[in-house]
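**Student:** Quick one: the structure is below, questions incoming.
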Amino acid sequence: MTFKASHRRSLGTHLALFDWLLNPLQRREAPIIYTLLGQQSTTTCGLYLNLGYWTHARDIDSACDELAALVAERAALGAEDQVLDVGFGFGDQDLYWWQHYRPQRIIGLNITRSQVAIARERVAALALGQAIDLRHGSATAMQIPAGSVDKVLALECAFHFRTRERFFSEARRVLRPGGRLVIADIIPLPLSDQPKQRLRQRLTWWLVASKFAIPKDNAYTADAYAQRLSAAGFDAVEVESIRDQVYAPLHHYLQTHPEALKRLHPLLRWALRLALRFSAKTVYAGLDYVLVSANKPGVVEL
Ligand SMILES: C[S@@+](CC[C@H](N)C(=O)[O-])C[C@H]1O[C@@H](n2cnc3c(N)ncnc32)[C@H](O)[C@@H]1O
């Protein structure tokens, strides 16, 4: 399904984007930021808002599908599953999972009302409203009955949650015994011993965290991530870095395909072009990207 971003924006939107990008003191919450960004995305066919997983992908749309597939495979998504997708953006991954894995039902929760409205329209246009039930709601206070879903999936969104640990405890509550949680997430890398590199790491993490409303409570590395999941009552916890398949190939793609930026507001385009002058090593110096999986202890009913 192809969606075109509207290029008619009010003066207020231009000013708010300017403030969000350039004011180091602004502190907007995630739903405000996503409402401001609207349907701007670097994809050309859909409206994915993730960075993609680049092993075979030649373009950003396929890389985003690849990331959705990676999460689904890690979750062993199948026909019997009741799935809960938190932070679903515009619903692209739900349409992908429905098409490729045909789970029994997908329920989505997203905190940004403007995205929920558009995602619901897209699902309704395909007459999939019964199978893909997209709702406004928060991953940290879910209106979902305990023990009612088989899989909880969070595709590039858990870094926003206030807090990620509150989400872990909600995910454990709503999962059936034996159910599985899979997350694709952005976290800081452990700090280097070298002062220059450490400064670069701190600066790049701060930039991303302040632009994308990442609470300080969520700024911990892979080891701490695994410990917190275990402490929340999960077992079979795995936290795997996939940063080499995300940041550098995305950066290279954007450097070599300037047309991918054409759907963005001119200010965003300018900021991205500036970032693309530097190497991926510099721009993403402080960032890890992890694929996380864990099980709620118990027996899976067959
Ligand atoms: C980077 S976007 C990713 C969207 C989508 N998963 C994708 O890959 O295209 C992050 C999403 O998380 C949602 N979000 C942020 N905080 C949330 C919360 N507390 N509960 C539910 N959704 C949230 C945002 O509204 C947004 O849709």
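No lab work stands behind these numbers, since they all come straight from the coordinates. Please read these numbers as outputs of a predicted model, since none were measured by experiment. Please note: Cβ atoms are built from the backbone with ideal geometry, for glycine as well, and neighbour counts cover all protein chains shown.
**Student:** Within the set K196/K262; K151/K216; K211/K281; K151/K196; K211/K296, which residue pairs have Cα atoms separated by over 31 Å?
**Tutor:** Numbers: K196/K262 34 Å; K151/K216 27 Å; K211/K281 19 Å; K151/K196 42 Å; K211/K296 33 Å.
Checking Cα-Cα distances, K196/K262; K151/K196; K211/K296 exceed 31 Å.
**Student:** List the residues of the stretch 140-177 whose backbone N lies under 16 Å from a point placed 7 Å from the Cα of R202 along the Cα-to-Cβ direction.
**Tutor:** None, by backbone N distance to the label point.
**Student:** Starting with the fewest neighbours, write out H265, H257 ranked by other beta-carbon atoms found within 10 Å of each beta-carbon. Before the final figure, lay out the partial values.
**Tutor:** On the way: H265 20, H257 13.
The most exposed by this proxy come first: H257, H265.
**Student:** Follow-up question, since we're still on this one. Is the shape of the stretch 179-289 rounded, prolate or oblate, going by the alpha carbon gyration tensor and its root eigenvalues a ≥ b ≥ c, with a/c under 1.5 for rounded and a/b larger than b/c for prolate?
**Tutor:** It comes out prolate by the Cα gyration axes.
**Student:** I'd like the Karplus ³J(HN,Hα) series for the stretch 233-238: coefficients 6.51, -1.76, 1.60, θ = phi - 60°, whole numbers in Hz, and an x wherever there's a Gly or Pro.
**Tutor:** Once θ is set to phi - 60°, the couplings for the stretch 233-238 become x, 9, 10, 6, 6, 10 Hz.
**Student:** Taking the stretch 1-110, which trypsin sites (Lys or Arg not before Pro) meet the DSSP loop condition and have no more than 13 other C-beta atoms within 10 Å? Don't skip to the answer; put the middle values down first.
**Tutor:** Working: sites: K4, R8, R9, R27, R28, R58, R74, R105; in loops: K4, R8, R9, R27, R28, R58.
Qualifying residues, ordered by number: K4, R8, R27, R58.
**Student:** Quickly work out the C45-to-A146 label distance, labels modelled 7 Å from Cα along the C-beta direction, and quote it in nm with one decimal.
**Tutor:** The modelled label-to-label distance comes out at 4.3 nm.
**Student:** Does the chain come out rounded, prolate or oblate by the C-alpha gyration tensor, with a ≥ b ≥ c the root eigenvalues, rounded set by a/c under 1.5 and, if not, prolate when a/b is larger than b/c and oblate if not?
**Tutor:** It is oblate, given that a/c is not under 1.5 and a/b is not larger than b/c.
**Student:** While we're on this one: Would you tally the net charge around R74, using a Cβ to Cβ cut-off of less than 12 Å, leaving R74 out, and scoring K and R as +1, D and E as -1?
**Tutor:** Charge balance near R74 sits at -1.
**Student:** What list do you get for T204, T42 if you sort them by fewest beta carbons within 10 Å?
**Tutor:** Ordered by Cβ neighbours within 10 Å, fewest first: T204, T42.
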